[in-house]
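Report on the structure given below.
Only the coordinates and a few stated rules stand behind these numbers; no lab work does. The structure displayed is predicted, hence computed values, not measured ones. Quick reminder, even Gly has a Cβ in these numbers, built from the backbone with ideal geometry, and neighbours come from all protein chains shown.
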Amino acid sequence: MTKDVVSEMLERIDADLVKFLRLQFTDIQGQPKNVAIPVEQAEKALTEGIWFDGSSIEGFARIEESDMLLKPDLNTYAILPWRPADARVARFICDIYTYGNKPFEGDPRFILKKTLAEAAQMGYKFNTGPELEFFLFKMCNGRPSVEFQDYGGYFDLAPTDSAENVRRDIVFALTNMGFEIEASHHEVAESQHEIDFKYSDALDTADKVITFKFATKTLALKENLHATFMAKPIGGINGSGMHTHGSLMKDGKNAFYDPDGPKQLSDTCLYYIGGLLKHARAITRVANPTINSYKRLVPGYEAPVYITWSTANRSALVRVPAARGNSTRAEFRSPDPMCNPYLTFAAMLAAGMDGIKNKIMPPESTDKNIYHLTAEERKKMGISMLPGSLMEAQAELSKNTVLSKAMGSHVMECLESIAIMESDAFRLTVHPWELDRYLATY
């Protein structure tokens, strides 16, 4: 970073009347973290970085190698619009380094940047556009509840959708932070919502996902509401997904579009889809990272569970929307918003690039509603299912050499450790369902 670039940024910070800076990063599970510094430390942060203790961060370092360095990415500078103007706060999203100025191999942002660089060597740029769903529940006695805030349905208006004002405030805040919002609306389930923003390169989009979740939770809390991106907070109704549209650009053109190809799709697009489908069971560990994630991945609630693709069928795991030309893209429908977007986009790209390198052609598209097929019909068509549990998905990831290489040994070890701890904690807990079912009978 040159002195001129640093000086220009310092002038901008001064002109914006910023008093504090938040240096943000994410842990392995995608939870945002930050170190706050007074604006007087801005020059040091931009030129040298800020050291912090990484030993207490999930999936980071051991005690004996805990010192880590935060280096701000100047492209991520944004003012937090909900903070008071007389004590203005701005943030940078940071890359994490260790001794010797080496990128930290456990930094999820580094994993994505590394995978993007490998794709760039083949001439490709990866764009993603996620659709994040979330619930707004009431706060009760200062704690989150699962009490509905509204009883609206898909695309409902006020007064049925009483969260219009909250969504509007979120949209205004995100717009002020540089988002291009495309739409916001009520989702299918009661108190469920969606706000869509324009696609971008995968690194910028992953940064925006973290910002989106952080801003939504903060602004909901101001209205005494709890915004949750939990995949399945309530049984018997739709869960929340993060359908992710992906496309590859090459030489400034959409590499997925071929006007003369089948369904106007290029071989590159088909190979990318083939790679996604081949590695889908392993990607699931990253895209659906919690025990709760697998309570969403069940038939009947719009979440995809069958490993197939289609140009129209929303029950398929991969869907190619109707738009063509520069808008040609493949929608991967299994991720949920609990995922770490950096790792999820890296896994998708690694899988897709493996498909392109090895010319993995997908099977014939499935244009029937897969939920209406019998198990025997699915078997005849060669349609398999996504993993049904966190540990099943972990086993798939552990044996997948392509994704293991993309994630790196540090992240792979951490993901396995987290999966084991989560599963053991869940297995050893006596749940209300068990008491309701067995206590009075046995």
Exercise. Just the projected area, averaged over all directions, of the convex hull on the alpha carbon atoms of the stretch 163-293: how many nm²?
Worked result: 10.3 nm²
Exercise. Gaussian network model of the chain, Cα springs within a sub-10 Å range: biggest mean-square fluctuation belongs to which of Glu48, Glu331, Glu376?
Worked result: Glu376
For this session: Provide the three semi-axes, in whole Å and in decreasing order, of the ellipsoid equivalent to the stretch 3-104 as defined by the square roots of 5 times the Cα gyration tensor eigenvalues.
Result: 25, 16, 10
Problem set entry | Where labels lie 7 Å past Cα in the beta-carbon direction, separation of Asp4 and Tyr371 in nm | 5.8 nm
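Restricting to DSSP H runs of at least four residues, report the calculated mean residue ellipticity at 222 nm for the chain, -39500 (n - 2.57) per run over all residues, nearest 500 deg cm²/dmol.
Numbers: 12 runs with 151 residues, N = 442.
It comes out at -10500 deg cm²/dmol, rounded to the nearest 500.
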Seminar exercise, completed: From the Cα centre of the stretch 229-253 to that of the stretch 16-38, the distance in Å is 25 Å
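Take the chain, mark every one of the trypsin sites (Lys or Arg not before Pro) that falls in a DSSP loop and has at most 12 other Cβ within 10 Å, then report the longest stretch left between them, sites excluded.
Values: sites that count: Arg62, Lys198, Lys359, Lys399.
Formally, the longest exposed-site-free interval is 199-358.
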Exercise. Average projected area of the Cα convex hull of the chain, in nm²?
Worked result: 24.6 nm²
Problem set entry | Gain on full stretching of the segment that runs from Ile237 to Ser200 - 0.36 nm per residue minus C-alpha separation | 10.2 nm
Exercise. Amide H to amide H, which residues 5 or more places from Thr76 or on other chains are under 5 Å from it, using H placed in the peptide plane?
Worked result: Ile93
Seminar exercise, completed: Extend 7 Å from the Cα of Met249 along its Cα-to-C-beta direction; within the stretch 195-213, residues with backbone N under 19 Å of that point are 197-209
Exercise. So how much slack lies between Arg427 and Glu11, counting 0.36 nm per residue of separation and subtracting their Cα-Cα distance, in nm?
Worked result: 144.3 nm
Exercise. Which of the lysines could a cross-linker bridge to Lys263, judged by Cα under 29 Å and excluding same-chain residues fewer than eight apart?
Worked result: Lys125, Lys198, Lys250, Lys253, Lys278, Lys357, Lys359, Lys368, Lys379, Lys380
For this session: Show me 409-415, 341-347 ranked by packing, highest mean number of other Cβ atoms within 10 Å first.
Result: 341-347, 409-415
Exercise. How far, in nm, would the chain grow between Asp260 and Cys140 when pulled straight, counting 0.36 nm per residue and subtracting the alpha carbon separation?
Worked result: 37.4 nm
